[in-house]
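Below: one structure, written as structure tokens.
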Amino acid sequence: MYRYILLMFCFSLVACGGSSGTSKSTSANSSAALASSQTFSSAATQLALVPLPAEVIEHNGVFDLGAEVVLSTDANAPTANQAVMRLLNSLGINSVNSAAAKIRLSLVNQADLGDEGYSLIIADDISIRAQTDAGLFYALQTLQQLLPVGRQASYKLPRVSITDVPQYAWRGSMVDVARHFFGIEYLKKHIERMAAFKLNKLHLHLSDDQGWRMEIKKYPKLTSVGGSTQAGGGPGGFYTQEELKDLVAYAANYNVEIIPELDMPGHVQAAIASYNELACDNVSNLDLYIGLNVGFSALCLTKPEVIYPFVQDVLTEVVNVFPSQYIHIGGDEIKHALYGEFIDKAGQIIKELNRTMVGWEEASAGKNLAPNTLLQLWNDDYDIKSATDRNIHLILSPCSYLYLDHGNVNGQPETYTWCRKQGVPLERVYSFNPQKYSLVTGIEAPVWSELVSSEAAMDNRMWPRLAAVAEIAWTNQSARNYQEFTQRMKSLKPYFDNAGIHYYIEPQLGW
Ligand code: TNX
């Protein structure tokens, strides 16, 4: 039930003829309301909310948030409690014991809100309800978008009732930190930005031919050697386990789960250069790699006694650092008779570690995929039927829509074109219809970093396109409209500027 309903809405005090305009809210089902919804839901008058909520009913008048509020929270919602304090601090609002305006966060039993949904009602106070801490947290992200960016003397909010539930549980951003290394501070900023758009999975591509980025205590050379460089030959880098644990905790405060990927059995030149025995004995290229090719390295699948203890040891340390249920083992771009067997063995190791395997689409070659395995589809038309026939669910990352290493615009320098030669502009991203696929757990947009060598360039590839990804993943397909999206995004420019995001200046947003 996706509706966007504007009822005699007037945001400006002048237009409303006073601040206390009584609400003329009409039943959402009345034909008058529906008619006015058609008249008024023209893009220009929509609230600037991205992703678009499931249901928005605007009432007359505004709510004034003064310099002080009474805050009522639930002790069982630590993430939301931190988030509301951050929000009030950023606005310069004090939380006190007695004042007129109230913000109430309540955990409730309301099954239709699910695990991440919420209700946000701004009337004579601000009432936020959800079944979970995550739901309350998302209501606060919506509230933040309703507020101006930067401190004001007082804050005027539209009176509104929002009920909102996401379409997909997995709303992801993938960062390739292997081809080019990106530091923890950058990832923390990225987590905050993701959360503002209700993205909840940060998939870190932690190893590839050009670099191994996660400290593995049992194999220190993976990082001292394998992490020492990157594509193009720069200094590379790696994360200690302590840093990664800190990042995981930081992400949890933003309801973001980190999904680690250690790519195997291909894409392993950095590991082979660190521990030569992982390659087959006839392999002569044992050097670090700083080029851009793919598909040339592999763990030696005919030396199971060498590679499986390695896989076991690495994944054991991985699960000690990352609490996520899902562990991504890559599995892309390698052809070998024993490939399917590798996937099954890796899957078994992950199962014994009480976790669930994620693999790129090729991992559908596994014969014994555990029922809850997830596969990440990256070639739009890949024949994934052998997996979906077994009820294996998908994360959708079709490259011609969601590969953000491709250009924001046709011909953008330092972008790939192999999947779509015109790049994947914002409008193209937004046009992706996940309903073309079945068994969809979620949506994820990767940024591969062979050609992305700075934080500014990474920002440019991500934004504003990740906002479109967020809306695809959160909002029902039937409620989405590109023209309206661009209008809402236009109004959110101050957020992007204030957050210091080096976004692509998208002409279609008038930025
Ligand atoms: C394919 S997508 C790859 C990556 C490259 C990317 C460049 C996938 C699973 N593998 O190794 O970085 O293309 O667009």
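The values are calculated or read from the model by the stated rules, or taken from the named source; none is laboratory data. Please read all numbers here as calculations on a predicted model, not as lab measurements. We place every Cβ from the backbone using ideal geometry, glycine too, and count neighbours over all the protein chains shown. These area figures cover heavy atoms from the full protein model, side chains too; ligands, DNA and RNA do not enter into them. Shrake-Rupley method; radii C 1.70, N 1.55, O 1.52, S 1.80 Å.
Computed from the C-beta positions of Val409 and Ala249, the FRET efficiency with R₀ = 41 Å rounds to 0.60. Dipole magnitude for segment 127-234: about 280 debye, using +1 per Lys or Arg Cβ and -1 per Asp or Glu Cβ, origin at the Cα centre. For the residues Thr316, Thr302, Thr486, a 1.4 Å probe over the protein chains yields an accessible-area ranking, largest first, of Thr302, Thr316, Thr486.
How about segment 402-477: which GluC sites (Glu not before Pro) there are in a DSSP loop, with at most 14 other Cβ atoms within 10 Å of their Cβ? The qualifying sites are Glu414. Based on DSSP H runs of at least 4 residues, each adding -39500 (n - 2.57), what is the mean residue ellipticity at 222 nm of the chain after dividing by all its residues, to the nearest 500 deg cm²/dmol? Rounded to the nearest 500, it is -8500 deg cm²/dmol.
3J(HN,Hα) along segment 108-124: 9, 8, 8, 3, 5, 7, x, 7, 9, x, 7, 10, 10, 10, 10, 9, 8 Hz, from the Karplus curve 6.51 cos²θ - 1.76 cosθ + 1.60 with θ = phi - 60°, whole Hz, x for Gly and Pro. For segment 412-511, the set of trypsin sites (Lys or Arg not before Pro) satisfying both a DSSP loop assignment and a count of at most 14 other C-beta atoms within 10 Å is given as Lys421. Between the amide H of His203 and those of Ser173, Met174, Val175, Ile259, distances stay under 5 Å, these residues lying 5 or more places away or on another chain, with hydrogens modeled in the peptide plane.
What Kirkwood Rh does the chain have if only Cα atoms enter the pairwise 1/r average? Answer in Å. In the chain this quantity evaluates to 24.0 Å. The angle between the Cα long axis of helix 31-40 and the longest principal axis of the Cα atoms of the chain comes to about 70 degrees, rounded to the nearest 10. Charging the Cβ of each Asp and Glu at -1 and of each Lys and Arg at +1, and nothing else, the dipole of the chain about its Cα centre rounds to 1280 debye. Of all DSSP beta bridges confined to the chain, the antiparallel ones make up roughly 30%. In a DSSP loop and with at most 15 other Cβ atoms within 10 Å, the trypsin sites (Lys or Arg not before Pro) in segment 103-208 are Arg151. Distances between placed amide hydrogens fall under 5 Å for Ser106 paired with Ile128, Arg129, Ala130, all partners being 5 or more residues away or on another chain. Counting Lys and Arg as +1 and Asp and Glu as -1 over every other residue whose Cβ lies under 12 Å from the Cβ of Val452, the net charge comes to -4. Calculated accessible area for the chain comes out at 38 Å² per residue, all protein chains present (probe 1.4 Å; ligands, DNA, RNA ignored). Residues in segment 280-287 carry Karplus couplings, in order, of 5, 5, 8, 7, 9, 7, 10, 8 Hz; the curve used is 6.51 cos²θ - 1.76 cosθ + 1.60 with θ = phi - 60°, and Gly or Pro positions show x.
The H on the amide N of His393, modeled in the peptide plane, is under 5 Å from the matching H of Leu375, each at least 5 residues off or on a different chain. Taking label positions 7 Å along the Cα-Cβ direction at both Tyr437 and Asp125, the computed distance is 4.4 nm, reported to one decimal. Computed over segment 186-313, relative contact order equals 29 percent, with contacts defined as Cα pairs under 8 Å that lie 6+ residues apart. What is the angle, in °, between the Cα long axis of helix 482-491 and the longest principal axis of the Cα atoms in the chain? Nearest 10 is fine, range 0 to 90. Relative to the chain, helix 482-491 is tipped by roughly 70 degrees. Backbone geometry of segment 314-328 corresponds, through the Karplus equation with coefficients 6.51, -1.76 and 1.60 at θ = phi - 60°, to 3J(HN,Hα) couplings of 4, 5, 5, 5, 4, 6, 6, 9, 10, x, 4, 5, 9, 10, 8 Hz, x marking Gly and Pro. Note on Cys280 and Gln152: the extension gain reaches 39.6 nm, defined as 0.36 nm multiplied by sequence separation minus the Cα-Cα distance.
Which of the listed residues, Tyr289, Gln145, Val452, is farthest toward the dipole's positive end in the chain, when Lys, Arg count +1 and Asp, Glu count -1 at the beta-carbon? Toward the positive end, the furthest listed residue is Gln145. Rolling a 1.4 Å probe over the protein chains gives Asp383 an accessible area of about 110 Å². Using the alpha-carbon atoms, what tilt in degrees (0 to 90, nearest 10) does helix 184-196 show relative to the longest principal axis of the chain? Approximately 40 degrees, to the nearest ten. Relative contact order for the chain: 14 percent, from Cα pairs under 8 Å spaced at least 6 residues apart, divided by residue count.
Ignoring ligands, DNA and RNA, what percent of the accessible area of the chain is carbon or sulfur (1.4 Å)? The nonpolar share, carbon plus sulfur, comes to 51 percent. As a quick test, which of the pairs Lys221/Lys245; Lys198/Lys335; Lys218/Lys351; Lys345/Lys385; Lys335/Lys385 have an alpha carbon distance above 28 angstrom in this structure? Distance filter (> 28 Å) returns Lys198/Lys335.
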